[in-house]
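These notes are about the structure you will find just below.
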Amino acid sequence: MAVHRTLFEGRPAWVLETRATSMVLGLGADDTLYLPHWGARGHSERIADYLPTIPTNRPSEATFLDGQPLAYPVYGMPTFKEPCLVVAAPGGARGARFSFVEDRLEDPEHLELVFADPQLELGLRLRFEVHPALDLIVRSAIIDNIGPRPLSLERALSAALPLPPDAYDALTLHGQWAREFELQQRPLLPGRLVSGSSRGTSSHEAHPWFAVRPRGEQDEHSGRVWFGSLAWSGNWQCTLEVERNDALNITLGIQPFDFAWQLEPGATFGTPALVCGFTDEGLGGASRRLHAFEEAVWLPANHRPTLRPVLYNSWEATHFDVDAASQIELARRAADLGVELFVVDDGWFGGRAHDRAGLGDWTVNPTKFPRGLGELISEVHRLGMRFGIWVEPEMVNPDSDLYRAHPDWAYHAEGRSPTFGRNQLVLNFARADVRAAILEQLRRLLSDHGQIDFIKWDHNRAWTEVGWPEQPDQQREVWTRHVVGLYDIWATLRAEFPQLWIESCAGGGGRADLGVLRWCDQVWTSDNTDAADRLAIQYGYSRAHAPRVMVNWVTDVPNEQTGRLAPLRFRFHVAMQGVLGIGGNITQWSDDERDQARALVEQYKQIRPVVQHGRQFWLRPPTAIGACGVEYVSGDGATVVVLLYQIRGLRGQGARRMRLQGLAPERRYRRASDGYESTGAALMAAGLPATLVDSGDRHPSLDWQSQLQIWTAETR
Ligand code: DGJ
């Protein structure tokens with residue numbers, strides 16, 4: 001049973017169990033909800049055993065709840081730690097104090113704990129959804145106004161995750177445009193480490209994911225790791241707070257900065273889901289659990305089991321110079337390489353000759369497509385590919401029909417000049433009329449030209465002057481209403497166009513979170529397509545998300561962002577780590593390059609089920625010098641794909657072996673390229689026989705080496 005009831009000093013308590021973990025919840029005498037244990041399965045029957053001793057150096061403060069493991073600290077409780085909830089009543093009274101009402105065990109995997117503050121007439125429901133096979137628990141909070149007065153929420157986070165006093169390291173993902181998802185590990189010292197975004201999107205700068213492990217631990221494949229990922233695509237905050245007794249209070253949720261929500265009588269506010277878990281299989285084990293969750297539970301259901309197609313994207317080939325002839329030429333070349341989905345990027349609509357015009361007008365540019373879009377769509381379909389198109393519906397250029405008709409539809413601050421980012425402004429998606437008008441344009445786009453199978457939904461600037469002067473009461477709600485409105489549009493489009501695939505993009509990986517992945521099938525991870533940089537970006541992204549949602553393109557050299565020259569094979573091998581795409585100007589590729597590309601696309605299709613549905617193990621993370629490797633093991637364990645890379649070799653370093661992971665020790669595995677055989681035990685203990693270049697003698701270069709190995713297990 002996933003959830004069972006028990007007692008904590010005679011009071012109600014609950015044990016949430018997964019295959020290998022348990023989370024224990026118990027009510028204190030004053031109805032405070034404790035979370036005394038979250039970690040390895042097997043718990044003491046005496047929940048009190050887990051509670052840290054209150055520091056006794058100042059006995060008069062022993063009544064405070066600091067340093068105690070609280071499941072949802074609320075402003076109004078006697079604690080000074082980072083709270084999850086702050087509520088204000090109309091008369092100015094602040095803070096809440098909840099009493100326990102009941103537990104609802106909807107089924108063995110869904111627990112809801114119901115609390116109420118009778119004075120405020122406010123309800124609080126804490127939800128726990130247990131996924132036993134995945135070792136994950138999904139948490140959220142629902143706040144109900146059960147009285148006659150409006151109440152104001154000033155903060156409503158998803159959950160708190162307390163850990164006992166110890167020395168911990170935090171792992172977080174940071175970056176910037178073209179350098180997203182850099183994994184940082186740092187010690188947690190007394191005080192608060194705050195990561196988050198207030199840019200409107202979840203952001204390039206920080207990703208709504210965290211992991212925590214015992215201080216100094218580095219191992220990829222073993223060791224205790226607690227982790228979480230927040231399903232929210234707007235402003236968010238994660239606080240990792242070391243309290244005075246060295247206990248850790250982790251909170252995650254919607255960014256409290258400039259957040260407020262007016263809760264009218266009878267209204268309810270639900271927080272985003274926080275998916276959290278524990279493993280003793282290191283950071284790799286944490287990542288694989290999140291990957292499995294996306295695949296088994298979370299991604300849009302209709303395409304969830306489907307292999308992601310090999311795609312072509314026109315951006316780096318034609319930029320804004322999109323027209324029917326250039327795209328038809330690219331489409332024919334793409335089909336010849338084995339591409340399955342052809343995507344026309346930015347430049348096809350409105351007055352979009354450059355980035356100063358057109359956003360907001362989602363109609364086909366008649367000069368670029370004199371016979372409409374239908375001609376290109378039918379040609380792409382005739383070539384046996386699906387057809388996809390780029391849109392950026394949350395944005396508007398002042399040079400557009402939409403803006404000329406409705407300048408007030410963009411966020412703006414009365415009397416102040418707007419700040420432009422890429423010459424564009426952000427549309428106020430908190431407004432129902434704006435959403436309806438944009439949705440109507442998208443409906444027409446998707447219905448009027450032949451079947452559009454795929455849209456790439458972009459978002460290219462952070463939000464500033466986020467004002468809605470006509471609606472002063474909802475000023476601090478717009479950040480949240482925009483995101484909810486966006487999810488609504490995606491839900492509507494998916495319902496009305498069930499064949500549609502959606503790819504999320506935000507100037508690369510600026511909005512690539514679990515929130516978008518509820519509605520989008522995949523994401524564009526970065527505008528940086530340089531294969532060397534990309535290794536690091538993809539490594540970081542795959543800490544939190546599955547390879548099957550991570551789109552990677554093979555582009556031209558010198559690389560548009562870095563000027564680097566990596567061999568075509570290396571570029572393909574890097575892009576094969578997730579959803580393979582091609583994004584170069586393939587009309588300029590030589591016959592030899594096209595032959596190579598055709599063979600590599602074919603090889604990718606062969607390994608694709610293992611890459612997209614298997615378990616991923618990083619064998620060695622990317623570094624500037626020396627080898628790095630990543631492995632994928634199929635669900636039945638019978639096929640193993642290994643990708644090895646060396647950007648820069650070190651002469652005389654000697655061959656390094658790479659120890660494989662996740663094999664059956666007693667089984668024999670055979671390498672397809674040369675028939676070499678070994679046991680799972682040997683491949684995991686001694687590692688792969690050395691195969692990457694280690695000396696300048698036999699090879700022209702130590703640099704840019706890459707290999708794809710396919711191993712098959714003997715049938716039992
Ligand atoms: C940013 C995206 O990340 C690129 O792939 C491309 O779609 C451009 N926007 C187009 O403006």
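Odds and ends about this structure:
- Gap separating the Cα centres of region 614-674 and region 373-401, nearest whole Å: 40 Å
- Simple rule: put +1 on each Lys or Arg Cβ and -1 on each Asp or Glu Cβ in the chain, find the dipole, and look at PHE429, MET23, VAL87; the Cα lying farthest toward the positive end is MET23.
- The amide H of ASP399, built 1.01 Å from its N in the peptide plane, has GLY358 as neighbours under 5 Å, considering only residues 5 or more places off or on other chains.
- With the charge dipole of the chain set up from +1 on Lys and Arg Cβ and -1 on Asp and Glu Cβ about the Cα centre, the Cα lying farthest toward the positive end among the listed residues PRO370, TRP236, LEU307 is that of LEU307.
- Charges were assigned to the Cβ only: +1 to each Lys and Arg, -1 to each Asp and Glu. The resulting dipole of the chain about its Cα centre is roughly 1320 debye.
- Positive dipole terminus of the chain, leading residue within GLN522, THR279, GLN262 (C-beta point charges): THR279
- Sum of side-chain charges, ILE647 neighbourhood, beta-carbon under 13 Å (Lys, Arg +1; Asp, Glu -1): +2
- Percent RCO, i.e. relative contact order, over the chain, from Cα pairs under 8 Å lying at least 6 residues apart: 10 percent
- Mean separation of Cα contacts under 8 Å, 6 or more apart, over the residue count of region 501-565: relative contact order %: 29 percent
- Eligible lysines near LYS605 by straight Cα distance, threshold 29 Å, same-chain separation 8 or greater: LYS456
- Taking the DSSP beta bridges with both ends in region 536-667, the antiparallel portion is around 70 percent.
- Taking the DSSP beta bridges with both ends in the chain, the antiparallel portion is around 80 percent.
- Region 359-441: trypsin sites (Lys or Arg not before Pro) in DSSP coil with no more than 12 other Cβ atoms inside 10 Å: ARG371, ARG416
- Computed from point charges on the beta carbon alone (+1 for Lys and Arg, -1 for Asp and Glu), the dipole magnitude for region 47-194 about its Cα centre is near 660 Debye.
- Counted as membrane-span-like here are DSSP H helices of the chain whose alpha-carbon atoms extend 27 Å or more along the helix's own axis and whose Kyte-Doolittle mean is 1.6 or above; there are none.
- Cβ charges +1 (Lys, Arg) and -1 (Asp, Glu), total dipole of region 286-374, debye: 260 debye
- log₁₀ of I(q)/I(0) at q = 0.13 Å⁻¹ - region 444-593, Debye sum with one point per alpha carbon: -0.73
- Those trypsin sites (Lys or Arg not before Pro) in region 569-655 that DSSP places in a loop and that have at most 13 other beta carbons within 10 Å: ARG651
- For region 298-332 and region 195-256, distance of Cα centres in Å: 34 Å
Taken together, the values in this text are just the output of simple stated rules run on the coordinates, not laboratory data. Source: prediction; values computed, not measured. For neighbour counting, all protein chains shown are included, and Cβ atoms are generated from backbone atoms with ideal geometry for every residue, glycine included.
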